[in-house]
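Scroll down for the structure; my scribbles are underneath it.
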Amino acid sequence: MSYAAKYASGFYGPFRDAAESPPQFGDRSEYQMDPANKREALREVALDVAEGVDMIMVKPALPYLDILSAVRQQIDLPLAAYQVSGEYAMIHAAAANGWLDLRRCALESLISIKRAGADMIVSYFAKDAAGWLTE
């Protein structure tokens, strides 16, 4: 699986804090993509496809739905999207404050990722969503 489209993102924060794994010096943007650079992501994905990768992942998902969609238009390989901890935490925090409905917005966010072109979604909502969808 290629992580060619892994962006330097503030949405990784909650996981890093929980795992006590923030960067000890500098940051991880040395090997992650500039959030403003769409063309680089598409070039990196194309290079990985040319090298024979079996699958592509876009990470994080929600702030990069345009990238996910562009990658889907470019390739016909399995495409995964990772809805990272900050995306999950953001929806939970808004729901805890009564600003939105947790279930409805969690499912809506997952649907948007699927609609953008993801074949697979890695999400902290996976277990809840599986339950909600079978009710």
- [ ] Mind listing whichever residues of the range 4-19 are in a loop (DSSP other than H, G, I, E, B), of a type outside the set (Ser, Thr, Tyr) and at pLDDT 80 or above?
- [x] Ala8
- [ ] Residue by residue through the range 72-87, note down the ones that are within 9 Å of Phe11 (Cβ to Cβ) and in a helix (DSSP H, G or I).
- [x] Ser85, Gly86, Glu87
TODO: Would you check which residues across the range 88-102 are in a helix (DSSP H, G or I) and in contact with a helix residue (DSSP H, G or I) (Cβ under 6 Å, 6 or more places away or on another chain) and list them?
DONE: Ala89, Ile91, Ala95, Leu102
Task: Residues (modelled with pLDDT under 85, among the hydrophobic types (A, V, I, L, M, F, W, C) and open to solvent by 50 Å² or more (accessible area, probe 1.4 Å)) located in the range 20-44 - done: Phe25
- [ ] Mind listing whichever residues of the range 90-103 are open to solvent by 30 Å² or more (accessible area, probe 1.4 Å) and more than 15 Å from Lys127 (Cα to Cα)?
- [x] Met90, Ala93, Ala96, Asn97, Gly98, Trp99, Leu100, Asp101
- [ ] Might you check whether a residue that is part of a helix (DSSP H, G or I), of a type in the set (Ser, Thr, Tyr) and either modelled with pLDDT of 95 or more or open to solvent by less than 30 Å² (accessible area, probe 1.4 Å) (or both) occurs anywhere in the range 117-129?
- [x] no
Task: Hits in the range 44-71 (condition: touching a helix residue (DSSP H, G or I) at 6+ places or on another chain (Cβ under 8 Å), of a type in the set (A, V, I, L, M, F, W, C) and in a loop (DSSP other than H, G, I, E, B)) - done: Ala61
- [ ] May I ask you to verify whether Asp54 is loosely packed, with under 15 Cβ neighbours inside 10 Å and either at pLDDT 95 or above or among the acidic types (Asp, Glu) (or both)?
- [x] yes
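The values are calculated or read from the model by the stated rules, or taken from the named source; none is laboratory data. As the structure is a prediction and not an experimental result, all values here were calculated from the model. With ideal geometry, Cβ positions are generated from the backbone for all residues, glycine too; neighbour counts draw on all protein chains shown. Just the protein is used for accessible areas: all its heavy atoms, side chains included, with ligands, DNA and RNA removed. Shrake-Rupley method; radii C 1.70, N 1.55, O 1.52, S 1.80 Å.
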